[in-house]
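**Q** Structure below; questions to follow.
The values are calculated or read from the model by the stated rules, or taken from the named source; none is laboratory data. Note that the structure is predicted; figures quoted are calculated from it, not measured. Positions of Cβ are generated from backbone atoms using ideal geometry, with glycine treated the same way; all protein chains shown enter the neighbour counts.
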Amino acid sequence: MSDMVVLGTRKGTIIFVRINARWQPRPIAHVGVPVCYAARDPRDGTLWASLDHGHWGPKLSRSRDDGKTWSDISSLKYPQGARYIVKYLPTPDFNPEAPSAQAEYADATVLKIWNIAFGNADQPNKLYAGTIPGGLFVSDDGGDSWELNRPLWNHDSRGGDLFAGDATTENHWNGTPASIDYGVFEPGIHSIITNPQDSNHLYVAVSTAGVIESTDGGKTWEGRNRGMLMDYLPNPESDWGHDPHFVTNCANQPNHLWQQNHCGVFYSDDSAQNWKKVSMPEVGVHFGFPIVADANDGKTAWVVPASADSERIAINGGLFVARTTDGGQSWQILRNGLPQENAYDIVLRHALDASGDYLCFGSSTGNVYLSEDRGETWQCLGNNLPPVYSVRFG
Amino acid sequence: MPSVEMTQHLYRFFPQLKDRVITVPAGSVAEVLQAINEIAPGFTDYVLDERGVLRRHVNLCINNTVVVDKTKLTDRIPEDGTVYIFQALSGG
């Protein structure tokens, strides 16, 4: 279990450390700057924050001295010639399976660095970053330099190789509402799932397209959306167009994957070859953003459900965490220590994490709760924090 | 030589630009920004995107005039001009 939890918030990076059995905050870093994701690299202790500057462009920030000093990195950039097919907010009669009109192209620039992931222990300098507008970046030198993963960028599901010319296939990647802040409606990669047992095995999740897998270190990619259901589309079982909110796996049983989707909670025990809907709306488990799996037991996961989907607040004013230990066949509702009246919290996609028996989540209303007993009871770490975008144990 | 004034927000990232008079050779906006980048390496990454386009929420004026060409940065700064770099209110 980790004794450090790293928060990315609307107003900076906040780290809590457990000292003498009490969780205590350190002074805020990146004060005033929106930090959309922050995490500690377990391999060497480097701290990372993704800065979402309103004016000065997205930047990574890195600390190699446990947060005493930070330095910004501007080297994550789309290469010359990287283009994408422009998308617009769907109209009420939008049909994602209908062929689109004449494609319109735009030059890619990094709008948001949405997610950072770390390679395995046998790849000490490998890092991954997922961005809006939908590029996966890879670093092999500890984050000094970054390269766009072209096989995914040029994937057939996205129009093919637009470096070489115009689209050769239909583009099935649609926009995420999270991109509207940047004046566009384009896709984003918010989940990068590594396999601790196989360094060449990766997944990314794209809003809005679905889950895509590579088994050869990112050289080739294939959609993994069988079994997914979209309530809002003419064909709920379409290959593409899915809206995963977050996808993760079990570290020690990585064939078990979990997905909190716009349309429910989904589970796979066969490396995402097939997904199964395991929502249980009658107990409140259906809509939400974050999901975390236990590191050892692939059938155990936690979610923080919310009222779907036009409201996006705690259900009936009471905040709770739901846990399954049987692959989603049943869910336990965990409320002990969480507010049960007048709670309007929403927990965003990166704002729930687990480390052994510890769980922690933060809400967009600046409340942070931590459990040391797998969610049975909760303590509050703060009620007056900035809106919380990410929570990651160090 | 033209002088450069900028929002103090940028001093946070480039403290070497604080409390000094910044003068650069006359030229286009692109050339002036490059000259600042030589004093403060990495500066252009904060005001331009990777296509060299002025970021959406950054404003740049030459004397009292907002620059016209935000894409190729061809507007010229006269010998006695002042360049102002500041954040657009749209950036919130």
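**Q** Give the residues of region A:36-66 that are more than 23 Å from A:S364 (Cβ to Cβ) and either within 10 Å of chain B (Cβ to nearest Cβ) or small (G, A, S) (or both), sorted by residue number.
**A** Matches in region A:36-66: A:G45, A:W56, A:G57, A:S63.
**Q** Give the residues of region A:301-348 that are buried (at least 18 other Cβ atoms within 10 Å of the Cβ), out of contact with any strand residue (DSSP E or B) (no Cβ under 9 Å at 6 or more places or on another chain) and either of a type outside the set (S, T, Y) or not in a loop (DSSP other than H, G, I, E, B) (or both), sorted by residue number.
**A** A:A343
**Q** Being surrounded by fewer than 19 Cβ atoms within 10 Å (Cβ to Cβ) and among the hydrophobic types (A, V, I, L, M, F, W, C) is the filter; apply it to region B:1-21 and report the residue that is nearest to A:S61 (Cα to Cα). Before the answer, list the steps.
**A** Quick first cut of region B:1-21, residues surrounded by fewer than 19 Cβ atoms within 10 Å (Cβ to Cβ) only: B:1, B:3, B:5, B:7-9, B:11-21.
When the remaining residues are screened for being among the hydrophobic types (A, V, I, L, M, F, W, C), the result is B:1, B:13-14, B:17, B:21.
Working: B:M1: 35, B:F13: 12, B:F14: 15, B:L17: 21, B:V21: 29 Å.
So, considering only residues that are surrounded by fewer than 19 Cβ atoms within 10 Å (Cβ to Cβ) and among the hydrophobic types (A, V, I, L, M, F, W, C), the one nearest to A:S61 (Cα to Cα) is B:F13.
**Q** For A:N115, which of the numbered conditions (1) in contact (Cβ under 8 Å) with a residue 60 or more places away in the chain; (2) more than 14 Å from chain B (Cβ to nearest Cβ); (3) assigned to a loop (DSSP other than H, G, I, E, B) fails to hold?
**A** The single condition A:N115 does not satisfy is (3).
**Q** I would also like to ask the following. Which condition number in (1) in contact with a Cys (Cβ under 8 Å, 6 or more places away or on another chain); (2) assigned to a strand (DSSP E or B) is the one that A:G298 fails?
**A** If we test A:G298 against (1) in contact with a Cys (Cβ under 8 Å, 6 or more places away or on another chain); (2) assigned to a strand (DSSP E or B), just (2) comes out false.
Conditions (1) among the acidic types (D, E); (2) under 21 Å from A:I73 (Cβ atoms), marked per residue:
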site: B:H9; (1), (2): no, yes
site: B:D19; (1), (2): yes, no
site: B:S28; (1), (2): no, no
site: B:E31; (1), (2): yes, no
site: B:L73; (1), (2): no, no
site: B:I77; (1), (2): no, no
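**Q** Return the only residue of B:V58, B:V68, B:V53 being of a type in the set (A, V, I, L, M), at negative phi and in contact with a strand residue (DSSP E or B) (Cβ under 8 Å, 6 or more places away or on another chain).
**A** Within the list B:V58, B:V68, B:V53, the selection yields B:V58.
**Q** Additional query: Can you say whether B:T82 is surrounded by fewer than 14 Cβ atoms within 10 Å (Cβ to Cβ), touching a strand residue (DSSP E or B) at 6+ places or on another chain (Cβ under 6 Å) and away from every other protein chain (no Cβ under 13 Å), as far as the supplied structure shows? Outline the logic, then answer.
**A** Details: surrounded by fewer than 14 Cβ atoms within 10 Å (Cβ to Cβ): no; touching a strand residue (DSSP E or B) at 6+ places or on another chain (Cβ under 6 Å): yes; away from every other protein chain (no Cβ under 13 Å): yes.
Taking the combined requirement at face value, the residue does not satisfy it.
**Q** For region B:49-76, give me each residue that is more than 24 Å from A:L51 (Cβ to Cβ) and either at the interface with chain A (Cβ under 8 Å from one of its Cβ atoms) or under 11 Å from the mean Cα position of the chain (by Cα) (or both).
**A** B:C61, B:I62, B:V67, B:L73, listed by residue number.
**Q** Residue by residue through region A:55-103, note down the ones that are among the polar types (S, T, N, Q) and at pLDDT below 95.
**A** Once the filter is applied, which keeps residues that are among the polar types (S, T, N, Q) and at pLDDT below 95, region A:55-103 yields A:S74, A:S75, A:T91, A:N95, A:S100, A:Q102.
**Q** Shifting gears a bit: Would you point out which residue out of A:D161, A:D216, A:D144, A:D239 is of a type in the set (D, E, K, R), farther than 24 Å from A:D309 by Cα, touching a residue at least 24 places away in the same chain (Cβ under 8 Å) and not in a helix (DSSP H, G or I)? Show your work before the answer.
**A** Numbers: A:D161 fails: touching a residue at least 24 places away in the same chain (Cβ under 8 Å); A:D216 fails: touching a residue at least 24 places away in the same chain (Cβ under 8 Å); A:D239 fails: farther than 24 Å from A:D309 by Cα.
It is A:D144.
**Q** Sort out which residues of region A:208-227 are under 18 Å from the mean Cα position of the chain (by Cα) and either of a type outside the set (S, T, Y) or at pLDDT 95 or above (or both), and write them in order of number.
**A** The answer is A:A209, A:G210, A:V211, A:I212, A:E213, A:S214, A:G223, A:R224, A:N225.
**Q** Related question: Which condition does B:L73 not pass, out of (1) surrounded by 17 or more Cβ atoms within 10 Å (Cβ to Cβ); (2) free of Cβ contacts under 8 Å to residues at least 40 places away in the same chain; (3) assigned to a loop (DSSP other than H, G, I, E, B), if it passes all the others?
**A** It is condition (2) that B:L73 fails.
**Q** Next question, about the same structure. Just for region B:38-48: of the residues that are part of a loop (DSSP other than H, G, I, E, B) and within 15 Å of B:I85 (Cβ to Cβ), which one is nearest to the other protein chains (Cβ to nearest Cβ)?
**A** Here the residue is B:G42.
**Q** Do you know which of the residues in region A:121-158 that are more than 18 Å from A:Q80 (Cβ to Cβ) and among the small types (G, A, S) is surrounded by the fewest Cβ atoms within 10 Å (Cβ to Cβ)?
**A** A:A121
**Q** Collect the residues in region B:22-37 that are in contact (Cβ under 8 Å) with a residue 12 or more places away in the chain and either out of contact with any strand residue (DSSP E or B) (no Cβ under 8 Å at 6 or more places or on another chain) or within 9 Å of chain A (Cβ to nearest Cβ) (or both), keeping them in residue-number order.
**A** Residues satisfying the conditions are B:P25, B:A30.
**Q** Give A:T69, A:T109, A:T131 a once-over and let me know the one that is within 14 Å of chain B (Cβ to nearest Cβ), in a loop (DSSP other than H, G, I, E, B), in contact (Cβ under 8 Å) with a residue 24 or more places away in the chain and of a type in the set (V, I, T). Steps first, please.
**A** Numbers: A:T69 fails: in contact (Cβ under 8 Å) with a residue 24 or more places away in the chain; A:T131 fails: in a loop (DSSP other than H, G, I, E, B).
Step by step, each of A:T69, A:T109, A:T131 is checked, and only A:T109 is within 14 Å of chain B (Cβ to nearest Cβ), in a loop (DSSP other than H, G, I, E, B), in contact (Cβ under 8 Å) with a residue 24 or more places away in the chain and of a type in the set (V, I, T).
**Q** Being under 21 Å from A:G264 (Cβ atoms) and touching a Leu at 6+ places or on another chain (Cβ under 8 Å) is the filter here; which residues of region A:325-348 pass it?
**A** Residues of region A:325-348 that are under 21 Å from A:G264 (Cβ atoms), as a first pass: A:325-334, A:345-348.
A:D345, the sole residue that qualifies.
**Q** Residues A:D326, A:D269, A:D353, A:D345: which one is modelled with pLDDT of 95 or more, within 24 Å of A:V35 (Cα to Cα) and over 17 Å from the mean Cα position of the chain (by Cα)?
**A** A:D345
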